[in-house]
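Trainee: Right, I'll just put the structure down here and ask away after.
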Amino acid sequence: MNMRKWIHSLALLSVAFGCNGNMEEPVNLVNTLQGSNSVRDFSTGNTYPAVAVPWGMNFWTPQTRENGDGWQYVYTDMKIQGFKQTHQPSPWINDYGCFSIMPQQGEPEYNQQSRAVSFKRENEIATPYSYKVALENGISAEMSATNSGAIFRFGYDGNDDAIVLLDCFPMKGKVAIDIQNNRIYGYSNFRADNNNTVLPDNFATHFIISFDKKISGFGIIQDGKIIENSDNIEGEKVAAFVSFGNQEEVNVRIASSFISLDQAVINYSRELEGKSLEKIKDEARKQWNSELSRIKVTGGTEDEQRTFYTAMYRSMLFPRKIHEYDKDGKQIHYGFFDGNLHDGPMYADNGFWDTFRAVHPLFTILVPSMSSEFMDALLNIYDEGGWLPEWFSPAYKDCMIGQNSVSVITDAMAKGIGSYDKDRMFRAILKCAENEGPNATGRKGAFEYSVHGYVPCDAGIGQSVSRTLEYAYNDFCISEYARMTGQPETLVDKYRNRAFNYRNIFDKDIKFVRPKDSKGIWSDNYSPDMWGPDFTEGSAWHWTWCVFHDPAGLIELMGGRENFIEMMDSVFVAEPTVGLGKRHGMIHEMKEMIAGNMGQYAHGNQPIQHMVYLYNYAGVPYKTQQKIHEITDKLYHSGISDGKGLCGDEDNGQTSAWYVFSALGFYPVCPGTGEYIIGSPMFETSEISLENGKKFTVKARNYSTENIYIQSATLNGKIFDKSFITHDQIMAGGTLEFVMGPEPDKNWAADSRPFSLSESNI
Ligand code: CA
């Protein structure tokens with residue numbers, strides 16, 4: 001397509017967007033560039049415009065920075081170096097199994113920076129299912145994705161040799177030119193070496209790349225130099241180019257496999273054979289529409305609708321389904337822990353520290369069949385690697401704290417999801433609870449925690465307060481799992497008792513959690529605003545609220561409701577000071593908290609994200625309602641260039657899933673209980689189509705940007721005055737209708753108390 005036609009089609013597209021504010025296709029409301037205006041020192045999302053199918057095995061992204069730089073597409077970079085197969089869940093975790101291709105003309109250029117070509121913002125169209133750009137050198141590129149593959153269309157001016165360059169990046173790789181069939185075969189075993197990544201020696205992404213034009217020339221490249229008279233190579237830093245003579249268009253089909261080249265060929269024939277770019281684009285668009293349509297919202301502003309569906313898109317990327325299907329359609333997967341071939345499902349790219357909070361609970365409502373399969377994948381990981389994972393990308397990563405896999409497992413169990421060997425799962429859970437596994441899989445300080453009832457700050461373990469709080473919540477989940485699956489009463493009680501361990505690191509005199517040493521003495525190396533060394537990416541201002549399973553117990557520790565509410569309120573009005581502790585400078589989460597301009601409230605990181613919902617436990621749900629709208633107004637937008645979008649790390653769906661839940665009007669403060677805490681809905685109607693065929697609709701009568709307070713509510717026509725709703729009530733289908741108004745009704749649900757362990761009979 002020449003440049004004039006290209007610009008013409010862009011103009012038509014923008015008309016289509018402009019004249020129809022209420023789009024029928026939710027995918028049109030997604031802005032995949034939201035959150036991509038991020039740098040190492042300051043995140044507004046740390047995202048990239050992933051082109052993929054929902055939970056797809058491979059994602060594809062335009063690449064503006066060299067491979068290895070976690071910020072692989074940065075909105076302000078106006079040069080593209082290639083189009084990359086990526087699996088990156090976060091810039092801090094980085095990538096694996098990736099390679100890049102780049103269209104060129106005339107002479108091949110290998111170096112990632114030298115080959116970068118400028119583009120203009122108006123010549124770029126990014127959607128969940130495609131990415132299209134006209135580069136300033138006259139070459140155009142468009143791509144769309146299937147589960148394991150992609151099709152590219154490169155446009156050239158036809159006046160010189162059309163080239164496609166393939167870059168396997170550093171580490172070991174292989175490329176082999178099959179000139180007979182106009183194909184390239186090979187693999188890349190690239191994996192970022194941060195977070196103590198351990199992958200089997202035979203790990204690789206095996207690819208087949210097929211061209212629709214005859215290869216007329218080629219070159220094998222190693223370490224930037226062309227190898228003469230060679231059509232294949234295996235080694236480090238390998239690359240290749242193929243040329244096609246003077247062409248105006250070259251279509252490229254790529255499929256890959258983590259299992260083998262043979263499996264990549266099977267994936268190719270299943271997903272790409274005989275298909276055009278338009279065909280797979282249409283299929284991917286339909287898949288996104290089908291997933292996004294699980295919730296249909298009406299009302300709200302256009303920006304709120306765009307923000308909502310963008311959040312839905314981000315909630316439906318990770319964890320990716322990384323299993324494959326053999327020639328007979330049997331589900332198989334590469335063993336990222338042992339390097340062998342196994343049957344059954346496998347998922348990857350998930351940090352439970354982030355996603356236990358809202359991402360996995362959202363799946364239990366929208367796609368419980370997937371939550372069920374995910375349980376099977378967890379057991380496969382346990383069988384193949386010996387431990388349940390906490391951060392896996394694709395194998396265990398030494399990252400973050402806690403044993404939050406048990407939150408996801410117990411939440412599914414509480415909701416009746418999963419058919420697997422419960423005793424085996426319980427053995428896996430106990431092993432992780434009582435041992436220090438490799439790469440953050442078990443509990444660091446498990447022994448000290450069991451001896452003292454907290455992780456002492458002088459035991460050389462680090463992040464002692466945060467660990468204690470998470471272990472106590474994890475113990476609650478273990479106790480619940482044991483109770484629900486009929487484990488011995490002694491174990492139910494043991495972990496139930498340990499669930500109160502959060503009390504051991506709460507200093508009643510100052511009403512904050514505080515590090516304590518092994519002799520039981522409060523640490524003096526402390527102030528409530530000190531980030532680290534005893535807190536994970538936050539301070540006592542953020543971590544004090546992390547008693548998901550017993551807010552009533554926390555209220556009691558603080559000296560009752562009034563004090564608790566005052567402490568909650570003070571978070572938002574306190575000076576946003578940061579005690580650096582032993583740190584030499586501010587980390588990005590600190591800067592993002594200050595930029596958020598909500599006092600000590602730090603929504604850009606996970607520990608505090610549930611906190612505003614705790615007002616419900618103190619009988620003042622109207623305060624939750626007000627804060628939800630303040631947070632979404634200030635910190636969530638669908639745009640990019642104004643520096644807005646997201647307010648920190650998006651973190652594989654968590655910060656987005658928070659928005660999805662909050663827009664619906666409820667949030668899972670304590671996964672494992674089956675309760676969702678009522679907030680304040682943001683749309684006139686939100687209709688959830690459940691897998692069981694029923695519909696659950698949230699209505700907000702009289703809702704407007706001013707009318708954010710719940711005046712009254714009904715569930716299926718009957719008065720509803722609870723400040724929480726249960727999973728069973730949602731899955732039964734029906735209508736939850738709120739009547740909204742501009743002033744708080746301080747009585748609504750004021751007597752209602754969601755689950756707290758110290759008030760329960762379990
Ligand atoms: Ca984070």
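Trainee: On a 0 to 90° scale, report how tilted helix 654-664 is relative to the longest principal axis of the chain, with both axes built from alpha carbons and the result rounded to the nearest 10.
Mentor: 60 degrees
Trainee: I've got another one for you. Calculate the FRET efficiency for LYS591 and SER570 from the Cβ-Cβ distance with a Förster distance of 22 Å, rounded to the nearest 0.05.
Mentor: 0.50
Trainee: Under a 1.4 Å probe, what is the accessible area of region 386-521 per residue, stated in Å²?
Mentor: Accessible area per residue: 33 Å².
Trainee: What full-extension length gain, to one decimal in nm, is calculated for THR490 and GLU630 as 0.36 nm per residue of separation minus the Cα-Cα distance?
Mentor: Working: separation 140, 0.36 × 140 = 50.40 nm, distance 4.55 nm.
The THR490-GLU630 span can extend by a further 45.8 nm.
Trainee: For region 237-375, what % of the accessible area comes from carbon and sulfur atoms, probe 1.4 Å? Kindly include the intermediate steps, with their values, before the conclusion.
Mentor: Numbers: 1970 of 4210 Å².
Carbon-and-sulfur percentage of accessible area, whole number: 47.
Trainee: Residue separation times 0.36 nm, minus the C-alpha to C-alpha distance between ASN159 and SER419: what's the value?
Mentor: Once the chain is fully extended between ASN159 and SER419, it gains 87.5 nm.
Trainee: Could you work out how much longer the chain between GLU434 and ASN761 gets when fully extended? Use 0.36 nm per residue separation minus the Cα distance between them, nm to one decimal.
Mentor: Values: separation 327, 0.36 × 327 = 117.72 nm, distance 2.63 nm.
Length difference between fully extended and current span is 115.1 nm.
Trainee: Past 21 Å, Cα to Cα, is the threshold; run LYS296/LYS699; LYS494/LYS516; LYS296/LYS695; LYS120/LYS286; LYS281/LYS330; LYS132/LYS172 against it and keep the listed order.
Mentor: Beyond 21 Å between Cα atoms: LYS494/LYS516; LYS120/LYS286; LYS281/LYS330; LYS132/LYS172.
Trainee: Given the C-alpha centroids of region 36-70 and region 130-168, what is the distance between them in whole angstrom?
Mentor: About 19 Å separates the Cα centre of region 36-70 from the one of region 130-168.
Trainee: Related question: Taking the solvent-accessible surface of protein heavy atoms with a 1.4 Å probe, what is the per residue accessible area of region 576-735 in Å²?
Mentor: 31 Å²
Trainee: OK, next. For LYS582 and ALA732, FRET efficiency with R0 = 60 Å and r from the beta-carbon atoms, rounded to 0.05?
Mentor: 0.70
Trainee: Leaving out ligands, DNA and RNA, what percent of the accessible area of region 392-549 is carbon and sulfur, probe 1.4 Å?
Mentor: 47 percent
Trainee: Rounded to the nearest 20 Debye, what is the dipole magnitude of the chain about its Cα centre when Lys and Arg each give +1 and Asp and Glu each give -1 at the C-beta?
Mentor: Dipole of the chain, to the nearest 20 debye: 700 debye.
Trainee: Tell me what the chain gives for mean residue ellipticity at 222 nm when only DSSP H runs of n ≥ 4 count, each as -39,500 (n - 2.57), the sum divided by the residue total, rounded to 500 deg cm²/dmol.
Mentor: Here the helix-only value at 222 nm equals -8500 deg cm²/dmol.
Trainee: Can you tell me which lysines have their Cα less than 16 Å from the Cα of LYS213? Leave out same-chain residues fewer than eight positions away.
Mentor: Filter leaves LYS275.
Trainee: Towards the positive end of the charge dipole of the chain, with charges on Cβ (+1 Lys, Arg; -1 Asp, Glu), say which of SER276, GLN625, GLY599 has the farthest Cα.
Mentor: Ranked along the dipole, the leading option is GLN625.
Trainee: While we're here: Can you sort SER290, SER419, SER188, SER140 by solvent-accessible area, 1.4 Å probe, largest first?
Mentor: Order by accessible area, largest first: SER419, SER290, SER140, SER188.
Trainee: Further question on the same structure: Which whole-angstrom value gives the distance between the alpha carbon centres of region 88-126 and region 431-466?
Mentor: Between the Cα centre of region 88-126 and that of region 431-466, the gap is 42 Å.
Trainee: Using only alpha carbons, build the gyration tensor for the chain and give me the equivalent ellipsoid semi-axes, biggest first, whole Å.
Mentor: 45, 29, 24
Trainee: Considering only C-alpha atoms, what is the centroid distance from region 223-278 to region 372-422, in Å?
Mentor: So the two Cα centres are separated by 35 Å.
Trainee: When the dipole is taken about the Cα centre of region 538-684, and only Lys, Arg (+1) and Asp, Glu (-1) are charged at their Cβ, what size is it in debye, to the nearest 20?
Mentor: Here the size comes out at about 240 debye.
Trainee: Could you give the size of the charge dipole of region 332-403 about its Cα centre, using +1 on the Cβ of each K and R and -1 on the Cβ of each D and E, expressed in debye and rounded to the nearest 20?
Mentor: So the dipole magnitude of region 332-403 works out to roughly 260 debye.
Trainee: If each of ASN246 and ASP751 carries a label point 7 Å out from its Cα toward its Cβ, how far apart are those two points in nm?
Mentor: A separation of 8.7 nm, rounded to one decimal place.
Trainee: Send over a whole-number figure in Å² for the accessible area per residue of region 286-336, probe 1.4 Å.
Mentor: Computed with neighbouring chains in place, this is 33 Å² per residue.
Trainee: Would you mind counting up the charge near LYS582? Only other residues with Cβ under 15 Å from its Cβ, with Lys and Arg at +1 and Asp and Glu at -1.
Mentor: Counting the neighbours of LYS582, the net charge comes to -4.
Trainee: How charged is the neighbourhood of PRO668? Take every other residue with its Cβ under 10 Å from the Cβ of PRO668, and add Lys/Arg as +1 and Asp/Glu as -1.
Mentor: Charge balance in the 10 Å sphere: -1.
Trainee: Using a 1.4 angstrom probe on heavy atoms only, work out the carbon and sulfur share of the accessible area of region 553-671 in %.
Mentor: On the way: 1670 of 3390 Å².
After summing per-atom areas, the C and S share lands at 49 percent.
Trainee: Then there's this: Normalised by the residues of the chain, what does the relative contact order come to in percent, with Cα pairs under 8 Å and at least six apart?
Mentor: 12 percent
Trainee: What does the charge count near SER712 come to, summing +1 for each Lys or Arg and -1 for each Asp or Glu among other residues with Cβ under 14 Å from its Cβ? Write out the running numbers ahead of the final one.
Mentor: Numbers: positive: LYS699, ARG701, LYS718, LYS722, LYS746; negative: ASP721, GLU737, GLU743, ASP745.
Overall, the nearby charge balance is +1.
Trainee: If you don't mind, another one. Roughly how many nanometres apart are two label points built 7 Å out from the Cα toward the Cβ at GLN113 and ASN289?
Mentor: Going from the GLN113 label point to the ASN289 one covers 4.5 nm.
Trainee: Classify region 667-762 as rounded, prolate or oblate from the Cα gyration tensor: take a ≥ b ≥ c as the square roots of its eigenvalues, call it rounded if a/c is under 1.5, otherwise prolate when a/b beats b/c and oblate if not.
Mentor: On the way: a/c = 2.01, a/b = 1.15, b/c = 1.75.
Here region 667-762 falls in the oblate category.
Trainee: Just name one of MET558, PRO576, THR301: the one whose Cα is farthest towards the positive end of the charge dipole of the chain (beta-carbon charges, Lys/Arg +1, Asp/Glu -1).
Mentor: THR301
The values are calculated or read from the model by the stated rules, or taken from the named source; none is laboratory data. Computed from a predicted structure; not experimentally measured. Here the Cβ is made from the backbone with ideal geometry for all residues, glycine too, and neighbour counts use every protein chain on show. Quick note on the areas: whole protein, heavy atoms, side chains included, nothing else; ligands and nucleic acids left out. Shrake-Rupley method; radii C 1.70, N 1.55, O 1.52, S 1.80 Å.
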